[in-house]
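K.L.:
One structure follows; several queries about it will come next.
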Amino acid sequence: KAGVTQTPRYLIKTRGQQVTLSCSPISGHRSVSWYQQTPGQGLQFLFEYFSETQRNKGNFPGRFSGRQFSNSRSEMNVSTLELGDSALYLCASSPEVAGDPGDEQFFGPGTRLTVL
Amino acid sequence: TQLLEQSPQFLSIQEGENLTVYCNSSSVFSSLQWYRQEPGEGPVLLVTVVTGGEVKKLKRLTFQFGDARKDSSLHITAAQPGDTGLYLCAGAQEDSNYQLIWGAGTKLIIKP
């Protein structure tokens, strides 16, 4: 079974631009979560989608948005990029409810975004 | 403010030594997971602990969930260079719709 894939792997943008990142979950997984990872801050939860609906949302500004398609693939968009948005963006899929006891999250390799 | 505090933040030891890393909170969790992340990759689940006082072993790794389900520890015996990585703990709380809360991680380097 193929793992979680994320595209692109690396991205360089300038302040003020917008960016769209893509995530393809493991086949059969309906829950997709997005995280921002920066050194010293660990994983900061952005949002979780399940069956095309945003089910949970973290404390990020409205510049960060996402969506999920009927095939469970997900995209996240960041508009009006700021220098502080430079980070590794990770996507994770799971079969059902993220965080349920014993429910594992399967991560992709991430997209490294650099904002200049 | 991190709800899950991991310590130490960074640890560099020689191959063959033992070590323990901690994941502490003042909150109760219904379950706690440990992940390891290697450079250029996403985190990979090592173990999930659910019951207070539970101990799970994975080869040279021993995981323990505190009796009150507020803290956890990971002990590595005879560390090897292949254990190098970022160790992350993540807890699930029923109040937060089981959304995982993550610690900042312990960066572990095992020198040959």
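All of the numbers you see were taken from the coordinates with simple rules; none came from a lab. Please read these numbers as outputs of a predicted model, since none were measured by experiment. As a convention, Cβ positions derive from the backbone with ideal geometry for all residues, glycine included, and neighbour counts pool all protein chains shown.
K.L.:
Please report, in Å, the Rg and the Dmax of segment B:43-112, where both are computed over Cα atoms only.
P.N.:
In order Rg, Dmax, the Cα atoms of segment B:43-112 give 13.2, 44 Å.
K.L.:
Could I have the simple spin-label model distance between A:K57 and A:L83, label points 7 Å from Cα toward Cβ, reported in nm to one decimal?
P.N.:
2.9
K.L.:
Here is a follow-up. What FRET efficiency would be calculated for the residue pair B:E17, B:V55, taking the C-beta separation as r and a Förster radius of 22 Å, to the nearest 0.05? Walk me through the numbers on the way to the answer.
P.N.:
On the way: r = 21 Å, r/R0 = 0.96.
For B:E17 and B:V55, the calculated efficiency is 0.55.
K.L.:
Averaging sequence separations of C-alpha pairs under 8 Å and six or more residues apart, then dividing by the length of chain B, give the relative contact order as a whole percent.
P.N.:
Working: 291 pairs, mean separation 40.8, N = 112.
Computed value for chain B: 36 percent relative contact order.
K.L.:
Can I ask one more? Assigning unit charges at the beta carbon (Lys, Arg +1; Asp, Glu -1) and nothing else, what dipole magnitude in debye, to the nearest 20, does chain A show about its Cα centre? Intermediate values should be presented prior to the final figure.
P.N.:
Details: 11 positive and 9 negative charges, 81 e Å.
It works out to roughly 380 debye.
K.L.:
Using a basic spin-label model with each label point 7 Å from the Cα along Cα→Cβ, how many nm lie between A:T14 and A:F69?
P.N.:
3.0
K.L.:
Just need the relative contact order of segment A:45-112 here, percent rounded to a whole number, with Cα pairs under 8 Å and 6+ apart. Show your work: numbers first, answer last.
P.N.:
Values: 88 pairs, mean separation 13.9, N = 68.
Over segment A:45-112, the number comes to 21 percent.
K.L.:
When the Karplus curve 6.51 cos²θ - 1.76 cosθ + 1.60 is applied with θ = phi - 60°, which whole-Hz ³J(HN,Hα) does each residue of segment B:3-17 get, with x for Gly and Pro?
P.N.:
6, 10, 9, 9, 9, x, 6, 9, 8, 10, 9, 7, 3, x, 7
K.L.:
Sticking with this structure for a sec: Under 5 Å between amide hydrogens, which residues at least 5 positions from B:V47 or on another chain qualify, with H placed 1.01 Å from N in the peptide plane?
P.N.:
Those qualifying (amide H under 5 Å, at least 5 residues apart or on another chain) are B:W34.
K.L.:
Here is a further query. Once you have a ≥ b ≥ c as the square roots of the Cα gyration tensor eigenvalues for the protein assembly as shown, tell me rounded if a/c is under 1.5, and otherwise prolate or oblate according to whether a/b is larger than b/c.
P.N.:
On the way: a/c = 1.82, a/b = 1.43, b/c = 1.28.
Because a/c hits 1.5 or more and a/b exceeds b/c, the protein assembly as shown counts as prolate.
K.L.:
Ignore the peptide's own chain and count Cβ atoms of other chains within 10 Å of each Cβ in B:34-42; give me the average, rounded.
P.N.:
Numbers: counts 0, 4, 0, 6, 0, 0, 5, 5, 16.
Across the residues of B:34-42, the mean count of other-chain Cβ atoms within 10 Å is 4.
K.L.:
Counting Lys +1, Arg +1, Asp -1, Glu -1, what net charge surrounds A:L81 among other residues with beta carbon under 11 Å of its beta carbon? Mind showing how you got there, number by number?
P.N.:
On the way: positive: A:K13, A:R15, A:R63; negative: A:E82, A:D85.
Its environment carries a net charge of +1.
K.L.:
Would you please state which residues of segment A:73-92 a label at A:R30 would reach in this model, taking the label point 7 Å out along Cα→Cβ and a backbone N cut-off of under 14 Å?
P.N.:
Residues A:73 fall inside that zone.
K.L.:
Lys and Arg at +1, Asp and Glu at -1: add these up for the other residues within a Cβ distance under 14 Å of B:L86 and post the number. Let's see the in-between values first.
P.N.:
Working: positive: B:R36, B:K107; negative: B:E38, B:E41, B:D83.
Here the charged neighbours net out to -1.
K.L.:
Still on this model: What are the equivalent ellipsoid semi-axes of chain A, built from the alpha-carbon gyration tensor (square roots of five times its eigenvalues), in whole angstrom, biggest first? Kindly include the intermediate steps, with their values, before the conclusion.
P.N.:
Working: eigenvalues 105, 38, 36 Å².
Working through the eigenvalues yields semi-axes of 23, 14, 13 Å.
K.L.:
For every other residue with a beta carbon closer than 12 angstrom to the beta carbon of B:V44, add +1 if it is Lys or Arg and -1 if Asp or Glu, then tell me the sum.
P.N.:
Working: positive: B:R36; negative: A:E104, B:E38, B:E41.
Net local charge, B:V44 excluded: -2.
K.L.:
So for segment A:35-76, averaging the separation of alpha carbon pairs under 8 Å that are six or more residues apart and normalising by length, what relative contact order in percent results? All intermediate terms of the calculation are to be shown ahead of the outcome.
P.N.:
Numbers: 58 pairs, mean separation 11.9, N = 42.
About 28 percent, as a whole number.
K.L.:
What ³J(HN,Hα) values, in whole Hz, does the Karplus curve 6.51 cos²θ - 1.76 cosθ + 1.60 give for segment A:76-85 when θ = phi - 60°, with x put for Gly and Pro?
P.N.:
Residue by residue, segment A:76-85 yields 10, 10, 10, 9, 6, 4, 10, 4, x, 7 Hz.
K.L.:
In this model, which of B:K59/B:K107; A:K57/B:K111; A:K13/A:K57 are farther than 31 Å apart at the alpha-carbon?
P.N.:
A:K57/B:K111
K.L.:
Also: Is there a simple number for the mean count of other chain Cβ atoms within 10 Å of the Cβ of residues in B:87-95, and what is it?
P.N.:
Details: counts 0, 3, 1, 6, 1, 7, 1, 2, 0.
If you average over the peptide's residues, the count of other-chain Cβ atoms is 2.
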